[in-house]
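Undergrad: The structure's right below; bear with me while I get my questions together.
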Amino acid sequence: MQKLIDGLWVECVYEDLIDGDLYKISVGGGWQQQTFITPIIEEAV
Amino acid sequence: MSELLNSIAGGGGVFVASFASKTVSIPLGSTGTITTLTPPAGGRVLLTGLASGGVLQTSLTTITINGIDIITDAKLDQVGSTVIASGVDELVIGYSFPNQQSIYGGINEVLEIKTNVSTSAVTIYTYQFGA
């Protein structure tokens, strides 16, 4: 996994990501790239 | 189709997968280019599923391949839809919806999924890399 920092892709782990980070995962020889957003977890009432 | 004819036709013919994703989810509230799929060198990307994981998306989704818009301003309907109520604006790819085929790009072409404003529900998709 890598995230974009100041125009450079830097190795990282999932826990390093904060809202708005652009990150990419190497899969099958290609890349899957997304912007990280903290998932909203609904609490049971 | 032979390899030679495949090459003449720009990679047409049967898509042979070398990687297939599980379902990927994009949290609600995402905006702009929400996903970029880059195939391995010499390979192609095939989008096999795209839908809302919840209610109908109120944001508008655009899919581009190699920078060219091929679907614009579609509202993603929820997974499992078998009937598109209003027809023209709504879209589901895969996920048991019978009439919408997968979308794939050419060799080394990048596929992007974009939205005009923040998504109103989780977006889910599946894809494959191959040749």
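Undergrad: When you scan the range B:106-131, how many residues do you find that are over 13 Å from the mean Cα position of the chain (by Cα) and outside any loop (DSSP other than H, G, I, E, B)?
TA: Here the count works out to 1.
Undergrad: Which of the residues spanning the range B:61-73 are at pLDDT below 95 and either within 14 Å of chain A (Cβ to nearest Cβ) or not in a strand (DSSP E or B) (or both)?
TA: none
Rundown of residues vs (1) surrounded by 20 or more Cβ atoms within 10 Å (Cβ to Cβ); (2) in contact with a strand residue (DSSP E or B) (Cβ under 9 Å, 6 or more places away or on another chain); (3) facing chain A (nearest Cβ under 8 Å); (4) touching a residue at least 40 places away in the same chain (Cβ under 8 Å), yes/no style:
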{"site": "B:Val16", "(1), (2), (3), (4)": "no, yes, no, yes"}
{"site": "B:Phe19", "(1), (2), (3), (4)": "no, yes, yes, yes"}
{"site": "B:Ile26", "(1), (2), (3), (4)": "yes, yes, yes, yes"}
{"site": "B:Gly32", "(1), (2), (3), (4)": "no, yes, yes, yes"}
{"site": "B:Pro39", "(1), (2), (3), (4)": "yes, yes, yes, yes"}
{"site": "B:Gly43", "(1), (2), (3), (4)": "yes, yes, yes, yes"}
{"site": "B:Ala51", "(1), (2), (3), (4)": "yes, yes, no, yes"}
{"site": "B:Val55", "(1), (2), (3), (4)": "no, yes, no, yes"}
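The values are calculated or read from the model by the stated rules, or taken from the named source; none is laboratory data. From a predicted model like this one, the values you see are computed outputs, not experimental measurements. So basically every Cβ, Gly included, is an ideal-geometry build from the backbone, and we count neighbours across all protein chains shown.
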